[in-house]
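The values are calculated or read from the model by the stated rules, or taken from the named source; none is laboratory data. Everything quoted here is computed from the prediction, not taken from an experiment. FYI the Cβ positions are ideal-geometry reconstructions off the backbone, even for glycines, and counts take in every protein chain you see. Protein only, heavy atoms only, side chains kept; ligands, DNA and RNA dropped before computing areas. Shrake-Rupley method; radii C 1.70, N 1.55, O 1.52, S 1.80 Å.
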Amino acid sequence: MDATLTHSEEDLYKKRHRIRIAVSLFFFCQGIAFASWASRIPIIKAHLNLSEGQLGTILLMLPVGQLATMALSGKLVTKYGSASVLRIVPIAYALVLCSIPFAQNAWQLGAILLLFGVSGNMCNISVNTQGVATEQIFKKSIMTSFHGAWSIAGFTGALVGLLTMNFGLNTLSHFLLILIIVIGNTLINHKYLVPGKSPQKEKRSFFAKPEGGLLQLGIIGFFSMATEGAMFDWSGVYFKEIVQAPEKFVVVGYASFMIMMATGRFVGDAVIRKLGRKRTLQYSGLLMFIGMMTSVIYPEFIICTLAFMLVGIGVACNVPSIYSLAGQNKNVPSGVALAMVSSISYLGFLMGPPLIGYIAEVFSLRYSYGIFACFGLLMFFMVGRLSLFKETSPA
């Protein structure tokens, strides 16, 4: 478990449903903060008079901040406990969000986004460590429902952004509203987090070679998150240029993917309990492959919509599952293990979309999607060879 408990296990078990609600709300608050920023990007771009190239460069500062502090996040969660870190970093994350409207030029926005990435990563590692701890109290898979809360927050954040713009609220007022929500959640729910610190296991450098199981989980996460990145950033372009959907329907591909990914996360725990993590991850890889390859072979509107839905279901359970398995590692503290796996996985999210573009520039976007479809197939075979699933984990 994430913690050397300060309360009895029996007491935690009695409070387990309230703990689950609290952790879900921390996932939700992190998601709505990020989605609120994303919903205001066009307005901020226009306000600072940024070109597409300038914006693209500035947006890289966010993942740079996330990757640069993976080691620090793991160490803080290990030393102080994920509950203690979560009492501070979500508010810091929302405060950085509120500072974005004060940027007067490109370099100021870039610096703020660097801090946004740093605080967001600390939220990510600590809240997922809490998810692992809560799952172990339940002694069954519940991690995908936490990530489902994050997905729902994405829709909610976009809706809040749309409503605040329609009511004439400026960006600062919008972000202050999110800050109030985050502070309120922290004040109400921090006392229901799983207490304690990660047990101090053998000391090791974060930058030492990860043990085999963690490295393999990271690579599986890389395949899944590269596919997610391809769908997030390129599905609209694919529907416009390859499917040649009417302008008002180009968003259908992205929406179908997102809806099924969110749905998959809420039903995923039941699927994992029935099939086990190994088979669920293998089937997920196959769905990723079939969905993306179908969209390549049959670039028709209805078929591609259904194909993108398959991809959404395929990626839904992957990251929650590998995070859950990483957090149960017996040789590395939960926070450090999660940071290691996240570092490798997130490279897929960071490198996937540019790689799609580079391949499309030389060949075509269909060719790019065909190559990325193979990630699902590689994931299927890699999961099949993993010995990690022999361990007793919540299922």
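For a Förster distance of 51 Å, can you work out the FRET efficiency between the beta-carbons of Asn105 and Lys191, rounded to the nearest 0.05?
Details: r = 42 Å, r/R0 = 0.82.
Efficiency, rounded to the nearest 0.05: 0.75.
Let me know the shape class of the stretch 231-327, please: from the alpha-carbon gyration tensor, a ≥ b ≥ c as square roots of the eigenvalues, rounded when a/c is under 1.5, otherwise prolate if a/b is greater than b/c, or oblate.
On the way: a/c = 2.69, a/b = 2.21, b/c = 1.22.
The shape class here is prolate.
Go through Val118, Val271 and list them by solvent-accessible area, largest first, probe radius 1.4 Å.
Val271, Val118
What is the distance, in nm, between label points placed 7 Å from the Cα along the Cα-to-Cβ direction at Ser51 and at Glu241?
1.9 nm
Take the Cβ-Cβ distance between Met351 and Phe249 as r, set R0 to 30 Å, and report the resulting FRET efficiency rounded to the nearest 0.05. Please report the intermediate quantities before stating the final value.
On the way: r = 29 Å, r/R0 = 0.98.
Efficiency at R0 = 30 Å is approximately 0.55.
At 1.4 Å probe size, what's the solvent-accessible area of Leu306? Round to the nearest 10 Å².
100 Å²
Per DSSP H run of at least 4 residues, take -39500 (n - 2.57); add these up for the chain, divide by its residues and hand me the 222 nm value, nearest 500 deg cm²/dmol.
Values: 18 runs with 307 residues, N = 395.
Theoretical 222 nm ellipticity from helices: -26000 deg cm²/dmol.
Using the heavy atoms of the protein chains and a 1.4 angstrom probe, tell me the accessible area per residue for the stretch 247-395 in square angstrom.
Values: 6280 Å² over 149 residues.
That works out to 42 Å² for each residue.
Separation between the Leu59 and Asn166 pseudo-spin-labels, each 7 Å from Cα along Cα→Cβ, expressed in nm?
With each label point 7 Å from Cα toward Cβ, the separation is 2.5 nm.
Based on DSSP H assignment, which helices of the chain show an axial Cα extent of at least 24 Å together with a mean Kyte-Doolittle hydropathy greater than or equal to 1.6? It would help to have the intermediate numbers written out before the result.
Working: long enough: 16-39 (34 Å, 0.77); 106-138 (47 Å, 0.81); 143-166 (35 Å, 0.92); 171-189 (27 Å, 1.88); 212-241 (42 Å, 0.61); 252-275 (31 Å, 0.90); 277-297 (30 Å, 0.55); 334-362 (42 Å, 1.35); 365-385 (31 Å, 1.23).
Span-like helices in the chain: 171-189.
Can you classify the stretch 68-179 as rounded, prolate or oblate using the Cα gyration tensor, where a ≥ b ≥ c are the square roots of its eigenvalues, rounded means a/c under 1.5, and otherwise it's prolate if a/b beats b/c and oblate if not? Display every interim value, and only then the final one.
Values: a/c = 2.81, a/b = 1.45, b/c = 1.94.
Oblate shape, in that a/c is at least 1.5 and b/c is the bigger or equal ratio.
Toward the positive end of the charge dipole of the chain, about the Cα centre and with charges on Cβ (Lys, Arg +1; Asp, Glu -1), which of Leu378, Gln66, Gln328 goes farthest?
Positive-end residue among those listed: Gln328.
Show me 152-164, 83-95 ranked by packing, highest mean number of other Cβ atoms within 10 Å first. Intermediate results must be reported in sequence, preceding the final value.
Details: 152-164: 17.8, 83-95: 21.5.
Highest to lowest by the protection proxy: 83-95, 152-164.
Show me the ranking of peptides 67-77, 38-48, 314-324, 348-358 by mean Cβ neighbours inside 10 Å, starting with the highest.
On the way: 67-77: 21.0, 38-48: 15.5, 314-324: 27.7, 348-358: 18.5.
With the highest mean Cβ count within 10 Å placed first, the list reads 314-324, 67-77, 348-358, 38-48.
What residue among Phe27, Phe249, Phe372 has the largest mean-square fluctuation in a Gaussian network model of the chain, using Cα springs under 10 Å?
Per the Cα network of the chain with a 10 Å cutoff, Phe249 tops the list.
With r defined as the distance between the Cβ atoms of Glu300 and Phe266 and R0 fixed at 25 Å, what FRET efficiency is calculated, to the nearest 0.05? It would help to have the intermediate numbers written out before the result.
Values: r = 29 Å, r/R0 = 1.17.
FRET efficiency, Glu300 to Phe266: 0.30.
Hey, which of these cross-link pairs are over 29 Å Cα-Cα: Lys140/Lys191; Lys248/Lys274; Lys45/Lys75; Lys14/Lys79; Lys79/Lys274; Lys240/Lys274? Don't skip to the answer; put the middle values down first.
Working: Lys140/Lys191 23 Å; Lys248/Lys274 40 Å; Lys45/Lys75 35 Å; Lys14/Lys79 27 Å; Lys79/Lys274 36 Å; Lys240/Lys274 39 Å.
Flagged as over cut-off: Lys248/Lys274; Lys45/Lys75; Lys79/Lys274; Lys240/Lys274.
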